[in-house]
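The values are calculated or read from the model by the stated rules, or taken from the named source; none is laboratory data. Quick caveat: nothing in here was measured; it's all calculated off a predicted structure. Note that each Cβ is placed from the backbone with ideal geometry, even for glycine, and that neighbours are counted across all protein chains shown. Note: areas computed on protein heavy atoms with side chains; ligands, DNA, RNA excluded. Shrake-Rupley method; radii C 1.70, N 1.55, O 1.52, S 1.80 Å.
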Amino acid sequence: MTERNENNEQIASSNLMADQEVPVQQEFTPAKKAVDDDEVKKVHFAGFWMRFWAYLADLLVIGSLNRILIHPIFKFYEGTDDLWFSAEGFLTGVVFFLYFVLMTKFWNQTLGKMIFGLKVVALKEEKKTISWGTILFRELIGRYISKVTWIGYLLAGLLPKKQALHDVFADTGVVLIRR
C-alpha cells in the first residue's frame, strides 16, 4: 500500500506509523534568545524596603572601609576640629561617594544591591551601561539632596516606578534582577 505526501510523491506504507506517536525532541531555548529585543520586557522595580536593606548593607561596607582606611590615619591626631569639618570627616565622605559612584558605574549595583538582587538602570538611555554624567549626577548631587532631606528616600515607597529623589533627578530606577 502506498500513500502520497503533499508533493504528490509516493511513500511506502512501511515508513508510516499511523497508530504510533513519534516522540519529538524539542530544543531548550534560553529566555534571552526566546525574547526579541523588540518585545517589551516586564520590569519589576525594587520597593522601599528592599532598597532600605541594601542601603544598610552598603553602610556597613562603607563603615568598615572607613575603619580600615581612614580612622587609623587620624587615631593619634588630637585636633579640635568638629567632625563635620575635619579632614577625617571629609575623607570618610569621599569614601562614601566614591563607593557609590564607582560601584554603580562599573557594576550597576553596589555590594548591598548585589546581596538583595537589585540593579540600577537608566530609564531613557539605550546603552547597557549608564553614562558617567548620569552616575555623577545621581550619586553626588541627587544622593546628597536625598540624604539631607530624607524624604527623598521615602519617595521610593510612593512613586509608581519606586524611584527615590536621586533616581527622579537622574532618570534612573532600581530593578529586581532574577538570579
Single residue of the range 92-118 satisfying the filter (more than 15 Å from the chain's Cα centre (by Cα) and in contact (Cβ under 8 Å) with a residue 24 or more places away in the chain) that is most open to solvent (accessible area, probe 1.4 Å) = Phe97
Yes/no for Met50 being part of a helix (DSSP H, G or I) and without any contact (Cβ under 8 Å) to a residue 12 or more places away in the chain | no
Complete set of residues in the range 47-60 that are more than 17 Å from Ile151 (Cα to Cα) and either of a type in the set (Val, Ile, Thr) or open to solvent by less than 50 Å² (accessible area, probe 1.4 Å) (or both) = Ala54, Ala57, Asp58
The lone exception for Lys124 - which of (1) open to solvent by less than 70 Å² (accessible area, probe 1.4 Å); (2) touching an Asp or Glu at 6+ places or on another chain (Cβ under 6 Å) it fails | (1)
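Just name the residue that is nearest to Val61 (Cα to Cα) out of those in the range 127-152 that are free of Cβ contacts under 8 Å to residues at least 24 places away in the same chain and open to solvent by less than 30 Å² (accessible area, probe 1.4 Å).
The residue in question is Ser146.
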Reported set for the range 100-118 where residues are of a type outside the set (Gly, Ala, Ser), touching a strand residue (DSSP E or B) at 6+ places or on another chain (Cβ under 9 Å), closer than 21 Å to Lys147 by Cβ and not in a loop (DSSP other than H, G, I, E, B) is Thr104, Lys113, Phe116, Leu118
Which residues, counting only those in the range 120-179, are at pLDDT 90 or above, outside any helix (DSSP H, G or I) and polar (S, T, N, Q)?
-> Ser131, Gln163, Thr172
